[in-house]
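This report refers to the structure that appears directly beneath it.
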Amino acid sequence: MSENCIFCGIVAGTIPSTRVAENDRAIAFMDIAPATPGHLLVIPREHSTDLREAAPEDLTAATLLAQSLVSRVIDRLEDATGANLLSCIGADAWQTVFHTHLHVIPRYPNDPLVL
Ligand code: 5GP
Ligand code: ZN
């Protein structure tokens with residue numbers, strides 16, 4: 001756990017979040033400012049700054065959880081036909097929270113999102 005890390009606070013439950021899935025190494029919750037409806041974040045429970053630092057077991061757990069959520073959003077969200085799976089590494093790559101995370105961004109026909 002890293003002090004002053006928002007996502008460590010979400011793992012600990014001291015910062016509220018809407019969790020949608022979890023296992024012993026990773027959790028998934030709704031993004032507070034969704035890029036499209038249903039935008040999720042998947043994070044290892046263990047703190048690392050970005051995926052370069054994450055332990056292989058944590059990265060595997062987070063990626064497999066993200067894989068299952070990609071299927072879930074496409075199957076269950078009305079009109080979703082695809083998804084983007086994205087991880088930002090470094091401020092110049094739009095990383096704003098420095099705890100490894102994967103975005104699962106549902107996509108809809110002709111939605112206005114530009115990455
Ligand atoms: P980044 O820009 O680092 O790739 O993504 C960070 C993401 O975390 C952003 O999409 C942002 O909306 C989301 N986020 C930031 N603070 C919070 C929070 O307190 N709760 C939740 N659920 N998401 C957050
Ligand atoms: Zn953290």
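Take the range 92-107 and flag every residue that is basic (Lys, Arg) and either within 12 Å of the chain's Cα centre (by Cα) or farther than 14 Å from ALA35 by Cα (or both).
Correct list: empty.
If I ask for residues that are surrounded by 13 or more Cβ atoms within 10 Å (Cβ to Cβ), within 27 Å of PRO109 (Cα to Cα) and without any contact (Cβ under 8 Å) to a residue 40 or more places away in the chain, which ones from the range 49-71 would you list?
THR63, LEU64, ALA66, GLN67, VAL70
Determine the pairs where a residue that is free of Cβ contacts under 8 Å to residues at least 60 places away in the same chain and over 8 Å from ASP50 (Cα atoms), located within the range 82-101, has a partner that is buried (at least 18 other Cβ atoms within 10 Å of the Cβ) and hydroxyl-bearing (Ser, Thr, Tyr) with Cβ atoms under 8 Å apart, the partner being 6 or more residues away or on another chain.
SER87/THR100
Among the residues of the range 10-26, write down those that are within 18 Å of ASP58 (Cβ to Cβ) and either among the hydroxyl-bearing types (Ser, Thr, Tyr) or within 11 Å of ligand 1 (Cβ to nearest atom) (or both).
ILE10, ARG19
When PRO106 is evaluated against the numbered criteria (1) over 20 Å from ILE6 (Cα atoms); (2) surrounded by fewer than 19 Cβ atoms within 10 Å (Cβ to Cβ), which criterion, by number, is the only one it fails?
It fails just one condition, (2).
Quick note: the coordinates plus some simple rules give every number you see, no bench work behind them. Predicted model, so just to flag it, every value in this text is computed and none were measured. Because the Cβ atoms are built from the backbone with ideal geometry, glycine has one as well, and the counts that use them run over all protein chains shown.
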